[in-house]
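The values are calculated or read from the model by the stated rules, or taken from the named source; none is laboratory data. Bear in mind that the values here come from a model prediction, so they are computed numbers and not experimental data. Backbone-built Cβ (ideal geometry, glycine too); neighbour counts: all protein chains shown. We work out accessible area using only protein heavy atoms, side chains counted, and drop any ligands, DNA or RNA first. Shrake-Rupley method; radii C 1.70, N 1.55, O 1.52, S 1.80 Å.
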Amino acid sequence: MSYKTNEFESFNKNNLDDYLKAFSKEFRKINGKQAKAEIVLVGGAAILVNYHFRNSTTNIDAYIQTNGHIKEAINHVGDHYNLPNGWLNDDFIKTSSFSPKLREYSKYYRTFSNVVEIRTISGEYLIAMKLKSARDYKNDISDIAGILHEQIKIGHMITLNNIKEAVINLYNSWDAIDEETQKYCELLVENANNEDFYNDLRNNETHNRQLIIDFDKKYPHQLKNDNIDNILKLLKNSKK
């Protein structure tokens, strides 16, 4: 696995819908108006749609279901707008954060070209997904803090019990989250209204990400999905 050193930051609140609309037009052009696609936005894209604490995401992760040809439409739009490979993808379904129940707990967002329905994951269900991955070199932990804080501001506070219920609904048991992450989740809920705590999390993630980037430059092609966490721990210990 080669860790990206030049993150693409073109997906934001202002252009996300434009790219989804362009994709939907291309999908209809290729497949006809009888073809349908349903896209459930997760990860950074879901945060852009539902919240305001993040400005951008590097790609659009989604749970995609369709009776038409979709990769051709994705590639055509990517080529036209010079987007990175996999700008819209469902790769996350191979990860531990995926659950086939996601659609059930998603909410409607928009329909484009009368053929593509966009839905999103938000609130405690998005937190549950973030807990399942819990990578401290990505935005997982700070995203949880951001969601909790913003939910308080809009008057819909998310409790620890809400989160546990969401985890159980998606992954069958609260124990699907490892014990260390469970305890950290309690800390996140306790500090949900602490902006300094959120900023500290973001700074820590940025530092960890830079450690990974520097390692990848020094030792190309050594990072793998199954060793990145252990390598990060070693790197952090070596800096102490």
Let's test the formula: R0 of 51 Å, r as the Cβ-Cβ distance of ASP196 and ASP79. What FRET efficiency results, to the nearest 0.05?
0.70
Among beta bridges assigned by DSSP with both residues in the chain, the antiparallel ones amount in percent, to the nearest 5, to 65
Heavy-atom accessible area of the chain with neighbours in place, 1.4 angstrom probe: carbon+sulfur share in percent works out to 43
Expected output is a single nm value to one decimal: the length gained when fully extending between LEU187 and SER133, i.e. 0.36 nm times separation in residues minus the C-alpha distance. What is it?
17.7 nm
Hey, in the GNM for the chain with a 10 angstrom Cα cutoff, which one of GLY123, GLY68, GLY146 fluctuates hardest?
GLY68
Gain in length, THR159 to ASN89, computed as 0.36 nm per residue apart minus the alpha-carbon separation, to one decimal in nm?
22.1 nm
Set the Förster radius R0 to 25 Å, insert the Cβ-Cβ distance between ASP17 and THR66 as r into 1/(1 + (r/R0)^6), and round the FRET efficiency to 0.05.
0.85
Arrange the peptides 161-168, 181-188 so that the one whose residues have, on average, the most other Cβ atoms within 10 Å appears first.
161-168, 181-188
Of the candidates ASN204, ASN15, ASN169, which one comes out as most mobile in a Gaussian network treatment of the chain with C-alpha springs shorter than 10 Å?
ASN15
So the angle from the long Cα axis of helix 195-218 to the longest Cα principal axis of the chain, reported in degrees to the nearest 10, equals 80
At q = 0.14 Å⁻¹, what is the base-10 log of I(q)/I(0) for region 150-240 according to the Debye formula with one equal point scatterer per Cα and no solvent? Please give it to two decimals.
-0.74
Return the percentage of antiparallel bridges among DSSP beta bridges fully within region 30-165, rounded to the nearest 5 %.
60
Relative contact order (%) - criterion: Cα under 8 Å, at least six apart; region: region 119-211
40
Here are several values of Rg and Dmax of the Cα atoms in Å: (1) 18.4, 60; (2) 20.8, 67; (3) 19.1, 61. Which one was derived from the coordinates shown?
(1)
Using alpha carbon centers only, region 196-240 is separated from region 14-30 by a whole-angstrom value of 35
How high is the FRET efficiency between ASN237 and ARG103 when r is their beta carbon distance and R₀ equals 35 Å, given to the nearest 0.05?
0.25
Specify whether the C-alpha gyration tensor of region 1-116 places it in the rounded, prolate or oblate class, a ≥ b ≥ c being the square roots of the eigenvalues: rounded for a/c under 1.5, otherwise prolate if a/b is larger than b/c and oblate if not.
rounded
Probe of 1.4 angstrom, ligands and nucleic acids ignored: what's the accessible area per residue over the chain, in square angstrom?
54
Name the shape class, rounded, prolate or oblate, that the alpha-carbon gyration tensor gives for region 64-202, where a ≥ b ≥ c are the square roots of its eigenvalues, rounded holds for a/c under 1.5, and otherwise prolate holds if a/b is larger than b/c and oblate otherwise.
prolate
